[in-house]
Amino acid sequence: MTPETLVTDLCAQALAALYGADPALVQVSKTRKEFSGDYTLVTFPLLKASRKSPEQTAQEVGEWLLKNTPHIRDFNVIKGFLNLSLDGAYWLGRLEGISAPSYGFTCDSGRTVMVEYSSPNTNKPLHLGHLRNILLGYSVAQISEACGHNTVKANLVNDRGIHICKSMIAWQLFGDGETPESSGMKGDHLVGKYYVAFDRAYKAEIKELTERGCNEEQAKREAPIMQQAQEMLRLWEAKDPEIYALWQRMNGWVYAGFDKTYALMGVSFDKTYYESDTYLLGKALVQKGLEKGVFYKRDDGSVWVDLTADGLDEKLLLRADGTSVYMTQDLGTAVQRFNEYRLDDMVYVVGNEQNYHFQVLKLILKKLGYAWSDHIFHLSYGMVELPEGKMKSREGTVVDADDLMAEMIATAREMSEELGKLDGLTDAEKDEICRIIGLGALKYFILKVDPKKTMTFNPKESIDFNGNTGPFIQYTHARIKSLARRAGGTQGASPDTPENDTKAFQGRELEPKEIELIKMLSELSPTVEQAGREYSPALIANYAFDLAKEYNQYYHDYPILKEGVADDDKRFRLALSLQVASAIKKAMGLLGIEVPERM
RNA sequence: GAUCUCGUAGCUCAGCUGGAUAGAGCAGCAGAUUUCUAAUCUGCCGGUCGGGGGUUCGAGUCCCUCCGGGAUCACCA
């Protein structure tokens, strides 16, 4: 039980005893910093039951609590607010409760959740927008896992279609047999290079055609290279052996490249779907929908669903020639997944430009009679923009994921060296630390922002390492680990298992800052649960920052292992510090961010 | 045009289901290190919470309306 729910319970008891009031009226929140107290009861909603003034009500409840319940040490009344303080014994007990290694994690919830994220196209390398998607998805999956759900991380690779044919035809035309091995280029970048080459050639052809008097629409259709790409798509669909082999080969390069990027990011998947396998799914559903009268067929043979009664429009599900579209496929994969994994929840991490698509998807599934439609959650996130606006591949303003990560790591190294943090370490240790810090800065920068907001990224001002940043939090952890090493043998504290001797501190007087830290440590669990319910890594990020900030003040104000500190104090302060380090590590872990032992 | 979404300090962002005098970080200014990591800490400066109505004991938060940014409204995925 968290302190807040405890206080809520106690207040409910008081109100029942004093006024016979409905416990649902009890409103308890954390006491604001400028007032003394731990938790605050708001009395305004209770006045009808108490039939007294706010101040009198607060006074009465406070006195009742003081007399009849354990742990309430003190109270004060300001206007209609009753500020309650819990006693030291209670807080010491809390410290014990949060010392369990499993604290912050729920055991098996019995639920199965799939999180789909990344879902790249195979015609170009990953960029900053993908980074936001991937980091969100991975973090949401980690949080889901921490909430006790059996979690399946899924990637749906868009490996087929005209876009990959564009890269393929350009490679055939201009590639001269170039491979990742021959060029030393990462496979995804190599294929991306030909995607760009296609675009350049295509533009040139359009220009030429329009100069010869073609109108633009016609030129776009008739440009030879586009015709060739379309022919290639037809051949691919007919499983032409040569084209199929080329497709497999070039996609193989891309996958090798993606794997490297994913590995550096520290993310992974449990299940990879390929659209080339799934793009025909959903056709049977269309038949079922027709039979149920949910869909209808037009004269040309195409199949539609009419959603105008729900305030949406009509949506195509099957073309006149019987081929399927994106929606058809997504319906099919959703049904397949829920069946195959017996999912309780399905989370799609997909950009907000597809809000409408998912609205329609859920509605159609509901109309088809799938009750689990309500358990589909579209984790919709906003664009990452540059100061001058959207990233545009044509203008070369796309921020490449690999480049960005490399830059962040390089910046981390510069700063570390400047600050002399790496002295006396081996090269391998230096690399490790710089990687952790550089990526930590990047990941935190992206994850601390509410997903649904568009965020701006300024490549010219590199991401900060001071203040509300990943490195700030990592530094706090490293600092505490440094204390642990210093305490070393005498305390017997191993870095990963904080001492569990908090019982020994019974009767100890706690400083306000210590209570504040224990209070914050108590909030890890509820924060994780809330982040799980709301699919919000940002909540965890903000929690980690607040905790680190609070700790740094404590560290500054109170000596921990310094000369002259009493042994008891040393042991308690260190134990508390180690709990903070542990909470930081857990929270950051849920964001997919590592924390170094030193930095 | 319709639907959705966002608008909080110069900049980047918090603000839980409505609760006390709206908070951080960066930038700017002024300070703190003989002793545990200064990637830290302290103080100052900075706000008509886009505007206007309404509901409420109480609104940044809920409702309406207007203004501004973005997204979507493809037989692309």
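Remarks
- Enumerated helices (runs of 4 or more DSSP H) restricted to the range A:91-188, each holding at least 2 residues that are crowded, with 22+ Cβ neighbours inside 10 Å: A:128-146, A:162-174
- Among the residues making up the range A:68-120, a single one is touching a Ser or Thr at 6+ places or on another chain (Cβ under 7 Å), at pLDDT below 90 and within 16 Å of RNA strand B (Cβ to nearest atom): A:G80.
- Residue check for A:A548: within 13 Å of RNA strand B (Cβ to nearest atom), open to solvent by less than 10 Å² (accessible area, probe 1.4 Å) and touching a residue at least 40 places away in the same chain (Cβ under 8 Å): yes
- Being out of contact with any His (no Cβ under 8 Å at 6 or more places or on another chain), at pLDDT 95 or above and of a type in the set (G, A, S) is a condition met by no residue of the range A:204-215.
- Near pairs, Cβ below 9 angstrom, 6+ apart or cross-chain, from the range A:261-282 (basic (K, R)) to any residue that is part of a loop (DSSP other than H, G, I, E, B) and open to solvent by less than 60 Å² (accessible area, probe 1.4 Å): none
- The C-beta contact set for the range A:54-81 (first residue closer than 18 Å to A:D9 by Cα, second residue assigned to a helix (DSSP H, G or I) and hydroxyl-bearing (S, T, Y), distance under 8 angstrom, 6+ apart or interchain) comprises A:T57/A:S50; A:E60/A:S50; A:P70/A:Y90; A:H71/A:Y90.
- Complete set of residues in the range A:33-44 that are modelled with pLDDT of 90 or more and near RNA strand B (Cβ under 8 Å from one of its atoms): A:G37, A:T40, A:V42, A:F44
- Scan of the range A:52-86 for residues that are closer than 16 Å to A:A21 by Cβ and in contact with a helix residue (DSSP H, G or I) (Cβ under 8 Å, 6 or more places away or on another chain), ordered by number: A:K52, A:S53, A:P54, A:Q56, A:T57, A:E60, A:V61, A:W64, A:L65, A:N68, A:G80, A:L82
- Residue within the range A:346-353 that is closer than 23 Å to A:T328 by Cα and in a helix (DSSP H, G or I) present: yes
- Residue in the range A:71-83 that is closer than 26 Å to A:Q506 by Cα and either part of a helix (DSSP H, G or I) or open to solvent by less than 20 Å² (accessible area, probe 1.4 Å) (or both) present: yes
- Top-ranked residue in the range A:1-28 [being open to solvent by 50 Å² or more (accessible area, probe 1.4 Å) and small (G, A, S); ranked as nearest to RNA strand B (Cβ to nearest atom)]: A:A24
- Among residues of the range A:216-252, those that are over 28 Å from A:D277 (Cα atoms) and modelled with pLDDT of 90 or more, counted: 2
- Per-region count, the range A:381-395, residues modelled with pLDDT of 75 or more, part of a loop (DSSP other than H, G, I, E, B) and of a type in the set (G, A, S): 1
- Restricting attention to the range A:441-462, the residues that are buried (at least 21 other Cβ atoms within 10 Å of the Cβ), more than 9 Å from RNA strand B (Cβ to nearest atom) and of a type outside the set (D, E, K, R) add up to 4.
- Residue within the range A:121-133 that is within 25 Å of A:A538 (Cβ to Cβ), touching a Cys at 6+ places or on another chain (Cβ under 7 Å) and modelled with pLDDT under 95 present: no
- Considering residues of the range A:274-301 that are of a type in the set (G, A, S) and surrounded by fewer than 17 Cβ atoms within 10 Å (Cβ to Cβ) only, the residue farthest from RNA strand B (Cβ to nearest atom): A:G293
- Of all residues in the range A:319-328, those satisfying the criterion of being open to solvent by 10 Å² or more (accessible area, probe 1.4 Å) and either more than 8 Å from RNA strand B (Cβ to nearest atom) or in a helix (DSSP H, G or I) (or both) are A:G322, A:Y326.
- Residue in the range A:529-545 that is more than 11 Å from RNA strand B (Cβ to nearest atom), open to solvent by 40 Å² or more (accessible area, probe 1.4 Å), in a helix (DSSP H, G or I) and more than 21 Å from A:D38 (Cβ to Cβ) present: no
- Pick from the range A:364-410, criterion surrounded by fewer than 16 Cβ atoms within 10 Å (Cβ to Cβ) and polar (S, T, N, Q), ranking: nearest to A:N458 (Cα to Cα): A:T397
The values are calculated or read from the model by the stated rules, or taken from the named source; none is laboratory data. Computed from a predicted model, the values in this text were never measured in an experiment. Here the Cβ is made from the backbone with ideal geometry for all residues, glycine too, and neighbour counts use every protein chain on show. With ligands, DNA and RNA removed, areas are computed over all heavy atoms of the protein, side chains included. Shrake-Rupley method; radii C 1.70, N 1.55, O 1.52, S 1.80 Å.
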